[in-house]
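The structure under discussion appears below in the form of structure tokens.
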Amino acid sequence: MRFGSSHSLLRVLAVGLLAAGPLWPAAAPPAAADVVEPFGERYQASLYGDFTTVGNTVTGCPAAPADLAARCAAATAGEGADTNDTFVTRRLDTARTGGAYGSSTGRVRLPEGAEVAYARLSWGGNDGTYRATGGAELERCAPSGADVAPSPGDPATTAPLLAVGARAAAPVSIDSMVVDPADAHGPHYYTGESDVTAAFAGVTGADAPLAVGVSGVWAPNGKGCVAGWSLTVVHRFPGPDPAKAPERRSVHLLGGHVVQRPGSPATTVTVDGFRRAPGKARASVTAYEGDRSTPGDRFLVGGKEVTGSSAGTTDDFFAGEGDGAVSPDLVDNLSVDAKEVDVPDGAIPVGATSADLSFATDGDTYVPAALAFSVPVADLEVTRTATPELKKPAPAPTPTTPQPSQPTTPSEPSESATRTPQTAQTARTAAPTDPATEPTAGRTGPAYSTDPTDPADPPSPSSSALTVVAPPATGPGPHGGPRGGPGGSMAETGAHGERLWLLGALAVVLAGTGLVARAALRGRRG
């Protein structure tokens with residue numbers, strides 16, 4: 001069941017999902033993953049920058065009995081075969097905001113001089129209910145054990161608080177909230193999302209850790225319970241930076257809610273709206289309930305399995321790893337994966353305009369909730385130049401027949417097209433008017449000359465330069481307003497934008513061809 005505002009959806013392929021009949025049978029696991037909300041785009045921009053994803057759990061080990069506490073400590077250190085289902089987990093309050101809800105801290109590192117373009121918070125976990133095989137609804141996170149002790153209120157309406165740097169924690173808005181249907185088999189989960197860009201207002205990257213704290217997360221105490229959060233921050237520079245942002249990148253943030261079960265067909269999300277250039281492609285994933293010691297769970301890009309765990313395997317990708325975690329800082333947090341990965345070489349060929357990101361498992365159940373993805377994209381720069389060159393002087397007239405002197409005219413223009421990094425100046429400047437196609441009435445000055453022997457000819461530019469580029473997208477995707485800056489932009493970003501500025505470049509070349517033809521005809525008439 002979904003709460004909050006609606007989102008436009010990317011293409012989601014859950015093979016066999018519709019053919020499997022009802023999604024949530026009461027007496028047996030479904031034949032396909034439970035796509036409670038398909039993944040959809042939350043933000044997209046083409047910019048000189050990238051994203052950073054961090055996250056942490058808000059549940060931890062029990063304090064007693066001593067033997068289980070010791071086993072849990074070993075599990076969080078990445079040792080042994082125990083999972084969260086072995087222990088009665090309890091809420092953590094490492095942010096010191098009160099024990100009724102869960103809290104923890106992390107750190108974000110932004111490159112020096114970068115500004116925050118967008119930030120999105122995701123949180124979730126068990127909602128404290130469980131549908132047993134016989135249909136009974138239990139107040140539990142696992143089939144065994146005592147009833148849970150939940151946080152006050154309803155997870156579907158409880159918003160966490162976010163603190164950035166030294167600023168006080170403040171409640172976030174609930175942009176989207178999804179809760180598993182009550183008749184879904186097994187444990188039930190909830191996930192929420194919020195645009196938290198405003199919390200980073202005035203923050204500039206210093207290439208040093210920036211503290212973040214998330215508190216007020218609804219979480220139950222009980223056997224097998226999980227809860228946590230992730231934060232994805234997109235940073236940008238005004239133009240290319242040789243060391244920190246040498247290339248323009250297309251950055252995509254997505255959200256959804258899928259319960260990926262053992263034996264289910266893979267759930268594939270297709271991301272598009274870019275044309276891949278050479279360079280490194282990156283992704284990050286947020287998912288709940290992944291168990292380090294339960295193999296079979298995989299994350300794939302372009303059909304290639306991605307290595308995600310600290311053990312260096314592709315067969316246990318979801319293993320309780322939170323990048324940027326501070327308190328607690330655990331090898332296996334027993335709750336949530338929030339981590340960045342490099343996309344395997346060849347998974348997305350150069351020139352590709354889309355990428356398939358897939359969740360699969362034949363062993364561990366987990367709940368994907370957020371994705372981030374970025375690829376390098378090219379900027380096109382087309383430059384026209386015309387270099388003045390004097391004609392050869394006319395033969396000397398005979399003494400008996402005075403002749404008027406011949407004026408000089410510029411030579412034909414030359415053209416070149418190159419792919420170069422876009423600068424901040426060209427990103428914010430509209431394309432100049434092509435003087436070869438513009439009326440000449442009232443034009444004076446050194447940039448224009450008129451041949452008195454052929455007044456019908458238009459003036460020829462002595463020099464001209466035109467740059468056609470794709471401008472940066474400065475805002476979120478369909479759920480956060482227009483991507484162009486104030487007053488509009490020269491072209492769109494993404495696939496449509498690339499077509500527009502490529503057509504613009506073609507028009508420039510054709511205009512230049514016409515200019516060469518006119519100059520050639522003028523030479524013949526002379």
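The values are calculated or read from the model by the stated rules, or taken from the named source; none is laboratory data. Everything quoted here is computed from the prediction, not taken from an experiment. Glycine gets a Cβ as well: all are built from the backbone with ideal geometry, and neighbour counts include every protein chain shown. The accessibility values were calculated without ligands, DNA or RNA, using every heavy atom of the protein model including side chains. Shrake-Rupley method; radii C 1.70, N 1.55, O 1.52, S 1.80 Å.
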### Query
Do any strands (runs of 3 or more DSSP E) entirely within the range 26-110 hold 2 or more residues that are within 30 Å of Thr204 (Cβ to Cβ) and modelled with pLDDT of 95 or more, and if so, which?
34-57, 102-109
## Note on the structure
Note on Tyr130: of the conditions (1) among the hydroxyl-bearing types (Ser, Thr, Tyr); (2) touching a residue at least 60 places away in the same chain (Cβ under 8 Å); (3) over 30 Å from Phe237 (Cα atoms), unmet is (2)
### Residues of the range 63-82 classified as in contact with a helix residue (DSSP H, G or I) (Cβ under 9 Å, 6 or more places away or on another chain) and open to solvent by less than 20 Å² (accessible area, probe 1.4 Å), total
2
### Query
Just one of the numbered conditions (1) free of Cβ contacts under 8 Å to residues at least 40 places away in the same chain; (2) surrounded by fewer than 17 Cβ atoms within 10 Å (Cβ to Cβ); (3) under 30 Å from Ala211 (Cβ atoms) is not true of Ser327; which one?
(1)
### Only one of Gly113, Gly134, Gly165, Gly153 that is modelled with pLDDT under 95 and either of a type in the set (Asp, Glu) or open to solvent by 20 Å² or more (accessible area, probe 1.4 Å) (or both)
Gly134
### Message
For the range 148-155, check the following and say yes or no: at least one residue is among the charged types (D, E, K, R) and more than 35 Å from the chain's Cα centre (by Cα).
### Response
no
### Query
Under 9 Å by Cβ, and 6 or more places apart or on different chains, what pairs join a residue from the range 63-91 that is farther than 22 Å from Tyr288 by Cα with one that is basic (Lys, Arg)?
Ala63/Arg90
### Summary
Across the range 197-229, the tally of residues that are among the small types (Gly, Ala, Ser) and under 23 Å from Glu321 (Cα atoms) stands at 10
### Query
Within the range 372-392, can one find any residue that is touching a Pro at 6+ places or on another chain (Cβ under 6 Å), closer than 27 Å to Asp127 by Cβ, modelled with pLDDT under 95 and not acidic (Asp, Glu)?
no
### Query
For the range 330-366, how many residues meet the condition of being open to solvent by 10 Å² or more (accessible area, probe 1.4 Å), of a type in the set (D, E, K, R) and either in contact with a Pro (Cβ under 9 Å, 6 or more places away or on another chain) or part of a strand (DSSP E or B) (or both)?
4
### Query
Can you tell me which residues in the range 201-235 are within 19 Å of Asp50 (Cβ to Cβ) and crowded, with 24+ Cβ neighbours inside 10 Å?
Val212, Ser230, Leu231, Thr232, Val233, Val234, His235
## Note on the structure
Reported set for the range 280-301 where residues are open to solvent by 40 Å² or more (accessible area, probe 1.4 Å) and either under 21 Å from Ala372 (Cβ atoms) or assigned to a strand (DSSP E or B) (or both) is Lys280, Arg298
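Give the residue that is surrounded by the fewest Cβ atoms within 10 Å (Cβ to Cβ), with candidates limited to residues of the range 241-269 that are part of a loop (DSSP other than H, G, I, E, B) and of a type outside the set (Gly, Ala, Ser). Let's see the steps before the verdict.
Applying the first criterion (part of a loop (DSSP other than H, G, I, E, B)) to the range 241-269 yields 242-244, 246-247, 261-266.
The next check asks that each one be of a type outside the set (Gly, Ala, Ser); those that pass are 242, 244, 246-247, 261-262, 265.
Details: Pro242: 7, Lys244: 18, Pro246: 12, Glu247: 19, Arg261: 19, Pro262: 13, Pro265: 17.
Here the answer is Pro242.
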### Message
So for the range 143-160 (the condition being in contact with a helix residue (DSSP H, G or I) (Cβ under 9 Å, 6 or more places away or on another chain) and hydrophobic (A, V, I, L, M, F, W, C)), does at least one residue qualify?
### Response
no
### Message
Condition check: of a type in the set (Ser, Thr, Tyr) and touching a Lys or Arg at 6+ places or on another chain (Cβ under 6 Å). Does Thr270 satisfy that?
### Response
yes
## Note on the structure
Note on the range 137-147: residues open to solvent by 10 Å² or more (accessible area, probe 1.4 Å) and in contact with a Phe, Trp or Tyr (Cβ under 9 Å, 6 or more places away or on another chain) are Glu137, Leu138, Glu139, Arg140, Pro143
